[in-house]
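Visitor: Before we start, here is the structure in question, set down as structure tokens.
The values are calculated or read from the model by the stated rules, or taken from the named source; none is laboratory data. No experiment lies behind these values; they were computed from the predicted model shown. All Cβ positions, glycine included, derive from the backbone under ideal geometry; neighbour counts span all protein chains shown. Only protein heavy atoms, including side chains, enter the accessible area calculation; ligands, DNA and RNA are left aside. Shrake-Rupley method; radii C 1.70, N 1.55, O 1.52, S 1.80 Å.
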Amino acid sequence: QVQLVESGGGLVQPGGSLRLSCAASGSIFRFYAMGWYRQTSGKQREMVARITSGGSTKYADSVQGRFTISRDNAKNTVYLQMNSLLPEDTAVYYCNTDPIPLYNWGQGTQVTVSS
């Protein structure tokens, strides 16, 4: 069973930056499009960025121009560089395949943007 482990979250001031990582076990990672999702309490999980196996990317309007998704297939890892963070970016961030999450969800990584 493939496992997903997210890391890199933390507390940051508005305007700051964080880089999230998602490590996936299993060699089939490279064949799937991957997405970063986020969820706040009481709200549905939303996709914020996706990257295909070939490296094409797409972003939610709310993060366009501020977030950058990338992947390293040799390391089975997908990254999310988050710049110019806003308080409304506060959430637990998860990764999974996209558009259909095929793996069990990991524990996520908490991102808190606050002064």
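Visitor: So which residues in the stretch 59-78 are in a strand (DSSP E or B), in contact with a Gly (Cβ under 9 Å, 6 or more places away or on another chain) and of a type outside the set (Gly, Ala, Ser), if there are any at all?
Guide: Tyr59, Ile69, Arg71, Val78
Visitor: Is the stretch 79-95 home to any residue that is open to solvent by 40 Å² or more (accessible area, probe 1.4 Å), at pLDDT below 95, part of a loop (DSSP other than H, G, I, E, B) and not hydroxyl-bearing (Ser, Thr, Tyr)?
Guide: no
Visitor: Also: Identify, please: which residue in the stretch 42-52 is open to solvent by 20 Å² or more (accessible area, probe 1.4 Å) and modelled with pLDDT of 90 or more and is, among those, nearest to Asp98 (Cα to Cα)?
Guide: Of everything passing the filter in the stretch 42-52, Arg50 is nearest to Asp98 (Cα to Cα).
Visitor: Considering Arg50, Arg66, which residue is touching a residue at least 40 places away in the same chain (Cβ under 8 Å) and not small (Gly, Ala, Ser)?
Guide: Testing whether each residue is touching a residue at least 40 places away in the same chain (Cβ under 8 Å) and not small (Gly, Ala, Ser) leaves just Arg50.
Visitor: Still on this structure, I have one more. Would you confirm, using the coordinates I've provided, whether Ala60 is under 19 Å from Gly9 (Cα atoms) and modelled with pLDDT of 95 or more?
Guide: no
Visitor: Can you confirm whether Gly55 is in a loop (DSSP other than H, G, I, E, B), open to solvent by 70 Å² or more (accessible area, probe 1.4 Å) and among the small types (Gly, Ala, Ser)?
Guide: It is false that Gly55 is in a loop (DSSP other than H, G, I, E, B), open to solvent by 70 Å² or more (accessible area, probe 1.4 Å) and among the small types (Gly, Ala, Ser).
Visitor: Considering the stretch 1-36 alone, what residues qualify as being surrounded by 15 or more Cβ atoms within 10 Å (Cβ to Cβ), free of Cβ contacts under 8 Å to residues at least 60 places away in the same chain and among the hydroxyl-bearing types (Ser, Thr, Tyr)?
Guide: Ser21
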